[in-house]
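The values are calculated or read from the model by the stated rules, or taken from the named source; none is laboratory data. Source: prediction; values computed, not measured. Note: ideal-geometry Cβ built from the backbone for every residue, glycine included; neighbour counts use all protein chains shown. The protein model used for the area step is the full one, side chains on, heavy atoms only, and it has no ligands, DNA or RNA in it. Shrake-Rupley method; radii C 1.70, N 1.55, O 1.52, S 1.80 Å.
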Amino acid sequence: MGQQGDDGSAEAFLRDFAQLSTIGATPRGGVDREAATVRDGMARAWLGGWLASRGFAMRTDAVGNQFGLLDLVPGAPYVLAGSHLDSQPTAGRLDGAYGVVAAAFAAHRVATGVAAGTTRATRNLAVVNWFNEEGSRFGPSMMGSAVFTGRLGLDEALATTDPAGVSVRAALDAIDGRGEQGPLPVAAYAEIHIEQGRELEETGDRIGVVTGTWAARKFRFRVLGEQSHTGSTRMVDRRDALLGASLLVVEARSLADRFADGPLHTAVSQLDVRPNSPVVVASEVRANLDLRSPDPAVLDAAVERVRAVAARVEAEHGVRVELELTHSWDRQDYQDDCVAVSERVCAELGLAARRMLTVAGHDSTNMKDVVPTAMLFVPSREGISHNEREDTAPEDLVAGVDVLTGVVRELVSAPGTPAAWTSPSLG
Ligand code: GLV
Ligand code: MN
Ligand code: MN
């Protein structure tokens, strides 16, 4: 961890981020820190130590969101900046964690400016590590920010179980990850993240200023067949759940090709085959289906087509297909004034900025629905993400911290009486 009172320099950022990346490190240079695991708990403790040693008051709410609060103007609402420390299994080290450490540095730098009298604060400052953004262990993704913004009920989130039957409540309690947080007034939110795509690398722009989200529809599906002998059962007598699921996997891919101009991105990425035994035709398959497009009409048409194919698979293969929509968000814009602030800061720093949409979901996807939200990207090498090889050039990481610092500074010193949205009490 950096020394108390260090200057928040670029070198300090790279050093401290490298230190965080040793927690849950995997042999191929990534991390494995799924939500509320012991390794996630260690990363949370690291962040708590970093912020507390720089004067932030640490709070955790009832769904495990971790806040570092710095009161600059008594009674004023907070400018919140952050992302998530949890990861997918065998993930890259940057997805989420970069944004949290960048926010910690940005807030610390702005606070140093306020203390030195070079920045005049009209709002308070807070850093946040949202609980369970990834949704890999406990669905849905973006869970902590969904509860914070009132989109998902606290009790529903806490009762969610992982594949081993462990609840969010029990997993968080095991890492001492749940606390109490009264209503928090928030004036604005800012987040920086790796792009997870190739657009910035291809155009040579240094910073992505996110103006909106692609829309997403995530389904859980179950294919129900009949367990039988893979050798002796006549082919006409089979009701093969794995065959039914496979047809949907292939359909998801061909759908994306059919709407290539849409564009449409699709995947089935998880299969749970039962009983999953060599000489047994599967009786049941549980799987997920993820569909995304910037064009709501394309997404609606794709969902309709999936339903039609599911009905055909049922009729032709004697199985039952159940489709359940588990998570969705629409094509929506971020606030224009936040885009303008981000572009102004990039211009001041001499960094080429590019307006773009985010394909991936982020906690800012929830936060922009309640407060003005700035969302920034730094380039991802070869667009690789959710992979241990995820990478960004150090000079791009450092430039991103500078931009986030400028954005947080502008938001914290904005003139006028701050309008605020107040979070529900979580605890
Ligand atoms: C994030 O949760 C995503 O699904 O992109
Ligand atoms: Mn992320
Ligand atoms: Mn991710």
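Below, the figures for the structure above:
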quantity: So residue 387, is it surrounded by fewer than 20 Cβ atoms within 10 Å (Cβ to Cβ) and within 16 Å of ligand 2 (Cβ to nearest atom); calculated: yes
quantity: Count of segment 368-427 residues which are small (Gly, Ala, Ser), within 22 Å of the chain's Cα centre (by Cα) and farther than 30 Å from residue 155 by Cβ; calculated: 7
quantity: Lone unmet requirement of (1) free of Cβ contacts under 8 Å to residues at least 60 places away in the same chain; (2) open to solvent by 10 Å² or more (accessible area, probe 1.4 Å); (3) within 17 Å of residue 367 (Cα to Cα) for residue 100; calculated: (2)
quantity: Some residue of segment 141-157 being over 18 Å from the mean Cα position of the chain (by Cα), without any contact (Cβ under 8 Å) to a residue 40 or more places away in the chain and within 20 Å of residue 84 (Cα to Cα); calculated: yes
quantity: Selection count, segment 24-48, where residues are touching a strand residue (DSSP E or B) at 6+ places or on another chain (Cβ under 7 Å) and either among the aromatic types (Phe, Trp, Tyr) or crowded, with 20+ Cβ neighbours inside 10 Å (or both); calculated: 5
quantity: Residue match in segment 255-269 (condition: in a strand (DSSP E or B), in contact (Cβ under 8 Å) with a residue 60 or more places away in the chain and on the phi < 0 side of the Ramachandran plot); calculated: yes
quantity: First in segment 226-251 and farther than 27 Å from residue 308 by Cβ and open to solvent by 60 Å² or more (accessible area, probe 1.4 Å), second anywhere and assigned to a strand (DSSP E or B) and among the β-branched types (Val, Ile, Thr), Cβ under 8 Å, 6 or more apart; calculated: 227/280; 227/281; 229/280; 229/281
quantity: Selection status of residue 93, of a type outside the set (A, V, I, L, M), touching a residue at least 12 places away in the same chain (Cβ under 8 Å), open to solvent by 10 Å² or more (accessible area, probe 1.4 Å) and more than 12 Å from ligand 3 (Cβ to nearest atom); calculated: no
quantity: Number of the exception - residue 292 against (1) within 18 Å of residue 215 (Cβ to Cβ); (2) not aliphatic (A, V, I, L, M); (3) not assigned by TED's automatic domain parsing to the domain that holds residue 238; calculated: (3)
quantity: Selected residue [crowded, with 20+ Cβ neighbours inside 10 Å and either within 20 Å of the chain's Cα centre (by Cα) or assigned by TED's automatic domain parsing to the domain that holds residue 141 (or both)] from 174, 170, 164, 188; calculated: 188
quantity: So residue 414, is it in a loop (DSSP other than H, G, I, E, B) and in contact (Cβ under 8 Å) with a residue 12 or more places away in the chain; calculated: yes
quantity: Hey, residue 315 away from ligand 2 (no atom under 16 Å from the Cβ), out of contact with any Ser or Thr (no Cβ under 9 Å at 6 or more places or on another chain), open to solvent by less than 50 Å² (accessible area, probe 1.4 Å) and of a type in the set (A, V, I, L, M) or not; calculated: no
quantity: Meets criteria (more than 16 Å from ligand 2 (Cβ to nearest atom), in the same structural domain as residue 67 (by TED's automatic domain parsing) and surrounded by fewer than 16 Cβ atoms within 10 Å (Cβ to Cβ)) for residue 337; calculated: yes
quantity: Candidate set: segment 113-138, residues that are within 15 Å of ligand 2 (Cβ to nearest atom) and among the small types (Gly, Ala, Ser); chosen: the one least open to solvent (accessible area, probe 1.4 Å); calculated: 135
quantity: Extreme residue, farthest from residue 317 (Cα to Cα), among residues of segment 257-285 that are buried (at least 19 other Cβ atoms within 10 Å of the Cβ) and at pLDDT 95 or above; calculated: 264
